[in-house]
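Okay, structure first, notes after.
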Amino acid sequence: MKANWYKYFNQCEGRDKIFKDMADRFMLEYAPKKSKRTQMYYKTTQNHSLPFFGNIKLTSITPKKISEYKAMRYSKGIKPGTYNLERAMFSKMFNIAIREWEWLKENNQRDKWLSEEDEQRLLENIPGWLREIVLLALHTGLRRDELLSLTWDRVSLLQKTIIIQKSKNGRPRTIPLTSVAMGILEEKARIRSVKTNLVFTNTAGRKIGTSWIMKHFIVARENAGLDGFHFHDLRHTFATRLAQKGVDLYTISKLLGHVNITMTQRYAHHCPESLRTGIAVLEKVDYNLTTVRENRNVSNT
């Protein structure tokens, strides 16, 4: 499982705080504002999490540690839905520690992405019309406005591409389509309205408003336990997944429409396979090391 809420902070005034400090303050200040039922759920979650995380420093709670906790809870026979509720509470606690108590500092260069598990939960909690847009974002890396402004004259189902004529950097770019993206657009093409050239429209056949899409997206992310995940992070997910598969940064940069590769450098730490491919080129050079050593000895003589 990829990290979301627990990997975006640097050391701050809470660098010496432990998980129990955060949990105690959360129960004292935040929990009482909720219903009795929610408070009971919080208390139950604390009973399971404190023995595991209690004395660990907040800055030491890593994705690996979260995965260990998840494995421990699953070994006890809990259902995924129960764990998702616990995870949502952890997310809320860390967000409050970052934004309200300032115990932790959020990294200014945000680089959040969805694991496959996170994606599934998000898709299960959004209406069908928004699901199409989210999936297309995950499979093309298009910005929100690029998706909402997408017109059919920029879509080629024959060539399996989308052309963004006016990228943020002022230059056009071509996005090849995956089978998932093609499936969405082919289905939209079958039911497209002759009254508009827009790919995505509201019920009135007009462009979907930003506030409308964000209203539904925020509800969906909260129901999925993904507090703090922004729509723009779908674009980060697209780039991160490419990098994890070994796609080089130059190609990712072109697909994202970045002005220069410097903006794409944030994904460099995801590219071990790309580096391995690079160094593997040397394996194709047919050197005979024994001959090389013999030649060196002759030269020295």
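Read-outs throughout are calculated quantities, based only on the coordinates presented, and are distinct from any laboratory measurement. Keep in mind the model is a prediction, meaning the values are calculated, not measured. Here the Cβ is made from the backbone with ideal geometry for all residues, glycine too, and neighbour counts use every protein chain on show.
Give me the extension gain from ASN84 to SER193: residue separation times 0.36 nm, minus the current Cα-Cα distance, reported in nm with one decimal. Show your work: numbers first, answer last.
Values: separation 109, 0.36 × 109 = 39.24 nm, distance 3.94 nm.
Gain on stretching ASN84 to SER193: 35.3 nm.
Rounded, prolate or oblate: pick one for region 9-106, where a ≥ b ≥ c are the square roots of the eigenvalues of its C-alpha gyration tensor, a/c under 1.5 means rounded, and failing that, prolate if a/b is larger than b/c, else oblate.
Numbers: a/c = 1.96, a/b = 1.20, b/c = 1.64.
Oblate.
Which entries of LYS20/LYS70; LYS92/LYS245; LYS43/LYS76; LYS64/LYS245; LYS36/LYS215; LYS76/LYS112 have Cα-Cα distances beyond 24 Å here? It would help to have the intermediate numbers written out before the result.
Working: LYS20/LYS70 18 Å; LYS92/LYS245 31 Å; LYS43/LYS76 18 Å; LYS64/LYS245 21 Å; LYS36/LYS215 27 Å; LYS76/LYS112 30 Å.
Violating the 24 Å Cα-Cα cut-off are LYS92/LYS245; LYS36/LYS215; LYS76/LYS112.
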Phi angles of region 75-83, converted by Karplus (6.51 cos²θ - 1.76 cosθ + 1.60, θ = phi - 60°) into ³J(HN,Hα) in whole Hz with x for Gly and Pro, give 5, 7, x, 6, 8, x, x, 5, 5
Between beta-carbons, use under 14 Å as the cut-off and find the net charge around THR210, counting Lys and Arg +1, Asp and Glu -1. +3
For GLN39 and GLU222 in the same chain, what is the full-extension length gain: residue separation times 0.36 nm, less their Cα-Cα distance, in nm? 64.1 nm
Simple spin-label estimate for SER156 and ARG206 in nanometres, 7 Å along Cα-Cβ: 3.3
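Counting alpha carbon pairs within less than 8 Å and at least 6 residues apart, what relative contact order, in whole percent, applies to region 9-106? The partial results should precede the final answer.
On the way: 71 pairs, mean separation 50.8, N = 98.
Reported as a whole number, the value is 52 percent.
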Go through region 235-250 residue by residue and turn each phi into a ³J(HN,Hα) via Karplus (6.51, -1.76, 1.60, θ = phi - 60°); whole Hz please, and just put x for glycine and proline. 5, 4, 4, 4, 5, 5, 5, 4, 5, 5, 8, x, 5, 5, 5, 4
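Based on the mean of other Cβ atoms within 10 Å per residue, sort peptides 115-127, 136-148 so the most packed one is first. Walk me through the numbers on the way to the answer.
Details: 115-127: 16.1, 136-148: 20.9.
The peptides rank, most packed first, as 136-148, 115-127.
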